[in-house]
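Report on one structure; see the data block that follows.
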Amino acid sequence: MNYFFPHLKQPVASILSGLAIGAFALGGCSKEEVTVAETGAISEKIFFDDFSYQSLQEMRENQWKVRTESGHPGVANARWSADGISFLKERDSENTLLRMTSSTDGSGENTQHTQFCHQRKYLSGTYAARVFFRDEPVSGPDGDQIIETFYTISPLKAPMDPDYSEMDFEYLANGGWGEPDNALFATSWETFKLDPFVKDNEYTTKPGSFAGWHTLVLQVADDKLRYYVDGEQFAEHSEHVYPEEPMSINFNLWFTQEGLIDSDEVRTYQQEVDWVYHIADEVLSPAEVEHKVSALRADQVAFTDSVPDWEPKLPSPCGL
């Protein structure tokens, strides 16, 4: 679960088939941003980001926020830091990725979580992202319960708030939440209370490794939520957990408090994001999403956002 309090590119498969993640060089690639007005090709209410940035400031100019405030979820007293965001250029390619890096030595003061999110204005329609999950840390001993994610969320205004909205893809590389080993969760939330913890949600779990690249698609329409992984339906959840409030689009990488291994050696985990896409008020199949994203990339659209702001405009997410 990725609860958060306010006080609290579609790569063509062949492009990435030879990806050597460990061999990436730090840095971003330059790609011209093409607006809707310039191309005249986009009439739908869409949000798309290819993450073709050279700096975090460029990303922020497109209304992304990086969390820096402490608080749930994760390890108590941990930092949420912009230091965990970097951009990497694929070897022999103009494709760039966003990388999240989080680390811990088992103590709160030396734990760094990473989260970034876009404006709180998204509700019904189709959401998609292409992400790279890992089963093991890139350094240090393995075993911590690490959560690798793509999700949407609104603030919890009060315990058991009936209008709370959250929809999650979460990969647990080392198990947790009742799973003894790695597993992928799709979870849709009606509401919850933090202390003592009470939850009202629907979830679907599939044990096994999901290491590597995956295209995640979520359809939100007709009082149903349908989750897809690599074109195959993963879960369907009911009207009971259908979102009522506009949400922000989020990614984060964090450790569970109860799942840290007994070691004071620093261990570092990473997750990559290639692109993210949303079309408001329309249901697209995974194949249609791939077609839309491929067309945007073929037209050199690095970023576009024609999804209207919510009225009245809602406060920025990520506590910023």
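The values are calculated or read from the model by the stated rules, or taken from the named source; none is laboratory data. Note that this is a predicted model, so its numbers are computed, not measured. Cβ atoms come from the backbone with ideal geometry, glycine included; neighbour counts cover every protein chain shown. SASA here: full protein model, heavy atoms, side chains in, ligands and nucleic acids out. Shrake-Rupley method; radii C 1.70, N 1.55, O 1.52, S 1.80 Å.
Observations on the structure shown:
- Of the residues making up the stretch 180-208, those that are open to solvent by less than 70 Å² (accessible area, probe 1.4 Å) and assigned to a loop (DSSP other than H, G, I, E, B) are 182, 194, 208.
- Number of residues in the stretch 48-70 that are open to solvent by less than 50 Å² (accessible area, probe 1.4 Å) and at negative phi equals 12.
- Any hit, the stretch 83-93, residues being polar (S, T, N, Q) and at pLDDT below 95: yes
- Residue 239 being open to solvent by 70 Å² or more (accessible area, probe 1.4 Å) and either charged (D, E, K, R) or at positive phi (or both): yes
- Residue within the stretch 215-223 that is in contact with a Lys or Arg (Cβ under 9 Å, 6 or more places away or on another chain), under 19 Å from residue 172 (Cα atoms) and surrounded by fewer than 17 Cβ atoms within 10 Å (Cβ to Cβ) present: no
- Number of residues in the stretch 255-283 that are within 30 Å of residue 303 (Cα to Cα) and open to solvent by less than 10 Å² (accessible area, probe 1.4 Å) equals 10.
- In the stretch 57-78, the residues that are closer than 22 Å to residue 314 by Cβ and modelled with pLDDT of 95 or more form no Cβ pair under 7 Å with any partner that is acidic (Asp, Glu) and open to solvent by 30 Å² or more (accessible area, probe 1.4 Å), whether six or more places apart or across chains.
- Residues located in the stretch 126-177, provided they are within 24 Å of residue 218 (Cα to Cα) and among the acidic types (Asp, Glu): 135, 148, 161, 163, 166, 168, 170
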